[in-house]
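Each remark here refers to the structure printed beneath this line.
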Amino acid sequence: MALRRLMSGNEALARGAFEAGVTVGAGYPGTPSTEILENLAHYKPEVYCEWSPNEKVAFEVAAGASLAGARSIVTMKHVGLNVAADPLMTLSYISVEGGFVACVADDPGMHSSQNEQDTRNYARFAKIPLFEPADSQEACDFLKQAIEVSEEFKTPVILRTTTRVSHSRSLVELSEKKPSRKKIGMIKNPPRFVPIPVWGRPMRQRVEDRLIRLKALSESSPANRIEWRDRSLGIITSSISYQYAREVWPEASVLKLGMSYPFPDAMIKEFAAGVSNLLIVEELDDFIEQHVRTLGLACRGRDVVPGIMELSVDRLLAAKALLEGRTPPVSKPSAFADRLPPRPPVLCPGCPHRGIFYSLRKKKVLVTGDIGCYSLGAFPPLDRMDSILCMGAGISMAHGLEKAGEPSKVVGIVGDSTFFHSGITGLLDIAYNSGHSTIIVLDNRTTAMTGHQDHPGTGRTLMGERAKAISIEDIGRACGIERVSVINPYNLDQADRVISEEIAADKPSLIVSRAPCPLRERKRVGERRKIQADECKGCELCLNLGCPAIEGTEAGPRINETLCAGCGLCEQVCPAGAIGSIVRGQKE
């Protein structure tokens, strides 16, 4: 009997990569894709894995491995493919040698993302195959199929997953690892691998010829199947939407697209001809629906199935009611839900970023923020972030505001992993083009928001090996920034003084706020604090820190000793001296 194991979609993708004979994996952490590479790294020494500085670099590392004949994958979330879009488009032209799969995780509902994007559009844009698993078993199987298709057609392949598929668990049947069929070693062939115009034009034609052959493959791919049931309604669907549709319309016939691009036109037409009514159920863009309509087929879709935010059984029950001309049911909240206290996201107790935002809160500046835990600095009571665009933009947008003549002083903020990802070029731009912005790198020694992954500044690799720890301040000086300082964010006097000095300076400056993330360290920052009620004046300045350990009560603020991480910021802001360390139950 075959061994089966309960796996998340991300674990199953890693298993599928291992079984397919992948030997190189690269990526940049980003929810919901992070665990793919983390799990693939467990298969060392057979597989080499790395966290690259950003998705573009990761894509190029995996592409280089493929040209040498190795089977490789690259992992990222949907916005990461924007960063890697440049090499994606040209790799489609020059083609691959060893199987190459880009595992891209979309985040419908924006659970941990700044936007919603539908990665399926990139497959059409780059004219390459697209696979979409609906559960963990398919995640494992489709990864292996994608590797085979990639090698057979010498094409990069996108495997698109979503938050629900990535993080849901189901049984996966395990298989043995496939040995590589190729000898490692790139064969020199400039007309194939060098897309200068004279060789790039024939490549362009080969892309179109390949797409025709891939369309023929999609008609017979085991990833696409028709499930005939009641033929009064037929549903075309893919990915997790298939699971929802089967639950809401168990009686309906279904065309499930697992290899959803190029489209299997003959199969779509056969299915449409066999049902009385056709419904397209898909998450986010009307990717399938648009194509079905170009085939001259009447269908329902976006008029009843919402294209914004994550689908669910409840949302499809409402769509079913609209389809049948009924009033959609009203979802009733749980009886106890209205009694639950609100739980807005906040910086953790002891977070080193809190002191920086508290200091900035007292200054008349604009703050351009970035993607990371510190995005929470936008919320009250800290309320100290005025814009977020994308990774690295905390630096570049600060420069743009200044050059536009913004009358306020501008401070740009990025995290340490984000700085290495895409902040260096923005800092270089400020120095090169005579900017005056103050840039703060919140260096908590990890990629915290996605689960504490390492990066070039931590001195460790994904494979657990010691590495050169790259200095942020040295990079700043190399970029041409003369005013560079390192501060302790738990020292409010120092933070306030240095930030004030650099904002007032007539030159660009780089401040590195350095203190490790307490969650990564798994220990308190220092001694827990306690408020002496008889000394407290009730000014509530400590509440302005936004620390979850400090609770407002009718009797005045109190510190939850279980939550307190001992950072000491509250003690520093208390004008009455009512807060001190707990030593054997007493105030120091």
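Among the residues of region 58-69, those that are surrounded by fewer than 24 Cβ atoms within 10 Å (Cβ to Cβ) and either of a type in the set (S, T, N, Q) or more than 21 Å from Pro29 (Cα to Cα) (or both) comprise Leu67, Ala68, Gly69. For region 289-299, residues that are touching a Cys at 6+ places or on another chain (Cβ under 9 Å) and either hydroxyl-bearing (Ser, Thr, Tyr) or within 14 Å of Leu257 (Cβ to Cβ) (or both) total 2. If only residues of region 311-330 that are part of a loop (DSSP other than H, G, I, E, B) and not basic (Lys, Arg) are counted, the one that is surrounded by the most Cβ atoms within 10 Å (Cβ to Cβ) is Leu311. Here Arg192 fulfils each of the conditions (1) surrounded by 18 or more Cβ atoms within 10 Å (Cβ to Cβ); (2) under 30 Å from the mean Cα position of the chain (by Cα); (3) of a type in the set (D, E, K, R) apart from (2).
Being closer than 17 Å to Tyr358 by Cβ and either in contact (Cβ under 8 Å) with a residue 24 or more places away in the chain or not assigned by TED's automatic domain parsing to the domain that holds Gly459 (or both) is a property that Ala549 has. The residues of region 72-101 that are out of contact with any helix residue (DSSP H, G or I) (no Cβ under 6 Å at 6 or more places or on another chain) and either among the charged types (D, E, K, R) or closer than 21 Å to Ala467 by Cα (or both), listed by number, are Lys77, Asp86.
The set of residues from region 411-431 being over 13 Å from Pro456 (Cα atoms) and acidic (Asp, Glu) comprises just one member, Asp429. One residue stands out in region 413-432 among those that are touching a helix residue (DSSP H, G or I) at 6+ places or on another chain (Cβ under 7 Å) and surrounded by fewer than 21 Cβ atoms within 10 Å (Cβ to Cβ): the one that is farthest from Gly392 (Cα to Cα), namely Asp429.
Just checking, does region 331-346 include any residue being acidic (Asp, Glu), more than 23 Å from Tyr28 (Cβ to Cβ), at pLDDT 95 or above and surrounded by fewer than 21 Cβ atoms within 10 Å (Cβ to Cβ)? No, that holds for no residue.
Looking across Ala515, Ala533, one residue alone is closer than 25 Å to Thr562 by Cα and either in the same structural domain as Lys409 (by TED's automatic domain parsing) or among the hydroxyl-bearing types (Ser, Thr, Tyr) (or both). It is Ala515. Evaluation of Asp506 against the conditions (1) more than 36 Å from the chain's Cα centre (by Cα); (2) at pLDDT below 95; (3) over 26 Å from Val411 (Cβ atoms) shows that the sole unmet condition is (3).
Inclusion of Ser166 among residues that are at positive phi and at pLDDT 95 or above is not warranted.
Selection of region 217-235 for residues being farther than 19 Å from Leu159 by Cα and either of a type in the set (A, V, I, L, M) or modelled with pLDDT under 95 (or both) yields Ile226, Leu233, Ile235. Among the residues examined, Gly405 does not qualify as assigned to a loop (DSSP other than H, G, I, E, B), buried (at least 17 other Cβ atoms within 10 Å of the Cβ) and over 25 Å from the mean Cα position of the chain (by Cα).
Across region 285-302, the qualifying residues are those that are surrounded by 14 or more Cβ atoms within 10 Å (Cβ to Cβ) and in contact with a Leu (Cβ under 9 Å, 6 or more places away or on another chain), and the one among them that is nearest to Asn121 (Cα to Cα) is Ile288. Can you name the residue in region 368-392 that is crowded, with 23+ Cβ neighbours inside 10 Å and not in a loop (DSSP other than H, G, I, E, B) and is also nearest to the chain's Cα centre (by Cα) among such residues? For region 368-392, the residue satisfying everything is Tyr374.
Restricting attention to region 473-507, the residues that are within 19 Å of Asn433 (Cβ to Cβ) and in contact with a Lys or Arg (Cβ under 7 Å, 6 or more places away or on another chain) add up to 6.
Screening Glu11 with (1) touching a strand residue (DSSP E or B) at 6+ places or on another chain (Cβ under 9 Å); (2) over 21 Å from Pro133 (Cβ atoms); (3) not aliphatic (A, V, I, L, M) gives one miss only, at (2).
The values are calculated or read from the model by the stated rules, or taken from the named source; none is laboratory data. Not measured: the values here are computed from a predicted model. Cβ: placed from backbone, ideal geometry, glycine included. Neighbour counts: every protein chain shown.
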